[in-house]
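These notes concern the structure reproduced below.
The values are calculated or read from the model by the stated rules, or taken from the named source; none is laboratory data. Just so it is clear, the model here is predicted, and its values are computed rather than measured. We place every Cβ from the backbone using ideal geometry, glycine too, and count neighbours over all the protein chains shown.
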Amino acid sequence: MTLDQLEKGRICRVTGFSSGCEDLVIKLREIGFAESDEVELMHRGPLGAQPLCFRLNRTLIALRSDEARAIQVDAQE
Amino acid sequence: MSRLRIALVGAPNSGKSTLFNGLTGGRAKVANYSGVTVETRTGQLQTPGGAGIDLIDLPGIYGLKARSTDERIAIDLLCNGRDGEAPPDGMLVLIDAAHLRTHLHTVLQMRAIGRPMIVVLNMIDLAERDGLKIDVERLQTELGVPVVTSRATRATGRADLLACIDRETAGWQARSAADSTVCTIDTDLSAMQREARGIADKAILFEPVMNRLTRQIDQFVLHPVAGPIILAALLFFMFQAVYSWSGPFMDALEAGAAGLGQLAGQWLPAGWFHDLIVDGIIAGVGSVVVFLPQIVILFLFILALEASGYMARAAVLMDELMLRVGLNGRAFIPLLSSFACAIPGIMSARTIDNERDRLTTIMVAPLMTCSARLPVYTLIIGAFIPPDTVGVFNLQGIVMFGLYLTGVVSAVTVAFILKRTVTKGSNQVLIMELPTYKLPNPRDFLLSLWGHVSAFLKRAGTIILTTSIILWFLASYPASATSLRESYAGMIGSVLEKLLAPIGFNLEIAIALVPGMAAREVAVGALGTVYAIQGGEENVEGLAAALQGAWSLPTALAFLAWYVFAPQCFATLATARRETNSWAWTGFMFAYLMTLAYIAAGATFHIASWVGL
């Protein structure tokens, strides 16, 4: 599944990127998203539930659903 | 041998500005959101070993594949040098120890440039307090470059760093001369991340989940319902505080200026010099300096919001709203900065990597009520709006809030229209790191506050002083003039008066608006000078009293409406010109703001007159 589908409080790992936009993948990688990193949805924005705030390892990062959709994850335990 | 030039490189929020200030005693602005360090600063550093080093502070970067303008500036300077200067001899690469795993690939990318470097594992004390355990020696072995730790809280944490600089940099200059070629930035990001994660696995001995305090605070601050309420309350409190806390200080300054004027009036023999000092300089500069307390309080709030880490949260809370208007959550940061001053606001729009969004943000930034409008608003509100209470609120405070709100609503409307016409384009992404909350470093905080305060005082001492003197001369001569209208200033003003009479402005306003084009608060000084000359010796109650006698309420309200829009600031226009690199956009900004100012003032004047105010 993709990161935008993650429910709050569930921890998962990044498995890869899927986007037609190479630029977006580079941006996501530069801020730190990488394969096998641990991700958890922490907060949702006030309007339309956007942006989404994720914990990436120990770092907090805000994305919109469009960006989160480019990240593939594997839900664990 | 020339001085060694070393660049300070690191991700946003890695503590670069704090380290820069600590090492150089310099005055770099510190902030917790991405990329506020939009201009490179150079500071001087003398190591215990006697080496003289020029330290260059670069905008924060996560890697070498930059998108936004300020990141490109940093990378370009790092790799190729700039303005004919060679690239730096070496780098101090900072990484926040608390985010080692996520950001380690940035260090590997910098290593790929192939220049000498030292890795600074910064804020190690805060990471250790979280429970993180890092094997620094292992990290150094794995990276193959020197690694040194640095503490956030104590200067003693920098002794190791300085010793390391002395030890390592000895051969840097010779080396960089040998290979001062353009560096390759063709990096394979995913391979580098894989390598970085591998190193992190070996060097991190224990890694707890996240900073607990940050997680607990965010439960409230980023809550879908409580979050926006907290933000609105904070902003409302900030604007009320600017208005109410400053009162006693402003009264004291006002009394001081009046006393100084009287003292000078008694000591100086009557004559033109007496008039120049009392009516020109003390009345002109004094009426602007009085507003220093308000400006200090406003910057106090904005800097505290930045340095604590709250500002990025505010951007998140505002993102969806801004998106619907056609802007981007990131635009919230430049726009909020513009409440202090549009110049840093326009410059920090560089962090927006979509060119059209950046342009839209720049175009609407001057609509945010900057601190230079405070003197104007305060003067007019104080003179014309009664200090009654409505419910629990002060009527004057409500009018002030209304003026701020008008600016914001106009900005939103203009952005909405622009995004659907001239700056149309694809919607852009939001990818933003939210920093860990921390108490602002008092030294950085004070340095930054002083930077803003001294800029205001410098303006008061230069532009406002000069315009006060020139205006005093123009309004006082020729000596044969018996009224303001017959003076040189009156002759110039009467031309403008015809244009401004339909919107309710009188001759004095027309005269004050001419020097007021240089900077907004100059108009207050100019009014001070004009009315001091007109009032002569009797005018002791100050400018507010003089205005009450001379202006009708509709005129005063029209003047306020004018100031919500009027682009009366050369520095802002010059900055917009530089940042857009386009005379057409700058001209457009000036023209649309002037038009709005004229329409708003006219409408206010006629509606207020019609209602019978």
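Against the conditions (1) at pLDDT 75 or above; (2) under 30 Å from residue B:445 (Cβ atoms); (3) of a type outside the set (S, T, N, Q), residue B:288 satisfies every one except (1).
Can you name every one of the helices (runs of 4 or more DSSP H) wholly within the range B:205-324 that holds 2 or more residues which are surrounded by fewer than 21 Cβ atoms within 10 Å (Cβ to Cβ) and in contact (Cβ under 8 Å) with a residue 12 or more places away in the chain? Walk me through how you get there before you give the answer.
Values: elements: B:212-221, B:226-244, B:247-267, B:272-275, B:283-289, B:292-308.
Those helices (runs of 4 or more DSSP H) span B:212-221, B:226-244, B:247-267, B:272-275, B:292-308.
The lone criterion from (1) modelled with pLDDT under 85; (2) part of a helix (DSSP H, G or I); (3) buried (at least 21 other Cβ atoms within 10 Å of the Cβ) left unmet by residue B:356 is number (3).
Picking from B:373, B:350, which residue would you name as being at pLDDT 80 or above and among the basic types (Lys, Arg)?
Numbers: B:350 fails: at pLDDT 80 or above.
The conditions single out B:373.
If you filter the range B:87-141 down to residues that are of a type in the set (Asp, Glu), surrounded by fewer than 24 Cβ atoms within 10 Å (Cβ to Cβ) and within 34 Å of the chain's Cα centre (by Cα), you find that the one that is farthest from residue A:59 (Cα to Cα) is B:89. Among residues of the range A:24-38 that are at the interface with chain B (Cβ under 7 Å from one of its Cβ atoms), those with a beta-carbon under 8 Å from a residue that is among the charged types (D, E, K, R) and surrounded by fewer than 21 Cβ atoms within 10 Å (Cβ to Cβ) at least six positions away or on a different chain give the pairs A:26/B:65; A:27/B:67; A:30/B:65; A:34/B:194; A:34/B:197; A:36/A:13; A:36/B:197. Taking the range B:377-421 as the range and being at pLDDT below 85, exposed (fewer than 14 other Cβ atoms within 10 Å of the Cβ) and under 22 Å from residue B:596 (Cα atoms) as the test, the residues that pass are B:420, B:421.
Within the range B:554-574, the set of residues being of a type outside the set (Gly, Ala, Ser), within 18 Å of the chain's Cα centre (by Cα) and farther than 17 Å from residue B:369 by Cβ comprises B:570, B:573.
Residue-by-condition table, conditions (1) among the acidic types (Asp, Glu); (2) in a loop (DSSP other than H, G, I, E, B); (3) in contact (Cβ under 8 Å) with a residue 40 or more places away in the chain; (4) within 14 Å of another protein chain (Cβ to nearest Cβ):
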{"site": "B:436", "(1), (2), (3), (4)": "no, yes, yes, yes"}
{"site": "B:445", "(1), (2), (3), (4)": "no, no, yes, no"}
{"site": "B:462", "(1), (2), (3), (4)": "no, no, no, no"}
{"site": "B:470", "(1), (2), (3), (4)": "no, no, yes, no"}
{"site": "B:495", "(1), (2), (3), (4)": "no, no, no, no"}
{"site": "B:501", "(1), (2), (3), (4)": "no, no, no, no"}
{"site": "B:510", "(1), (2), (3), (4)": "no, no, no, no"}
{"site": "B:516", "(1), (2), (3), (4)": "no, no, yes, no"}
{"site": "B:524", "(1), (2), (3), (4)": "no, no, yes, no"}
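The residue pairs whose first member lies in the range B:101-115 and is within 13 Å of chain A (Cβ to nearest Cβ), whose second member is surrounded by 22 or more Cβ atoms within 10 Å (Cβ to Cβ) and aromatic (Phe, Trp, Tyr), and whose beta carbons are closer than 6 Å, counting only pairs six or more residues apart or on different chains, are B:106/B:62.
Which residues, taken from the range B:219-249, are in contact with a Gly (Cβ under 9 Å, 6 or more places away or on another chain), of a type outside the set (Gly, Ala, Ser) and within 12 Å of chain A (Cβ to nearest Cβ)?
Step one: of the range B:219-249, the residues in contact with a Gly (Cβ under 9 Å, 6 or more places away or on another chain) are B:220-222, B:224, B:227, B:239-240, B:243-244.
Going one step further and asking which of them are of a type outside the set (Gly, Ala, Ser), we end up with B:220-222, B:224, B:239-240, B:243.
Selection gives B:220, B:221, B:222, B:224.
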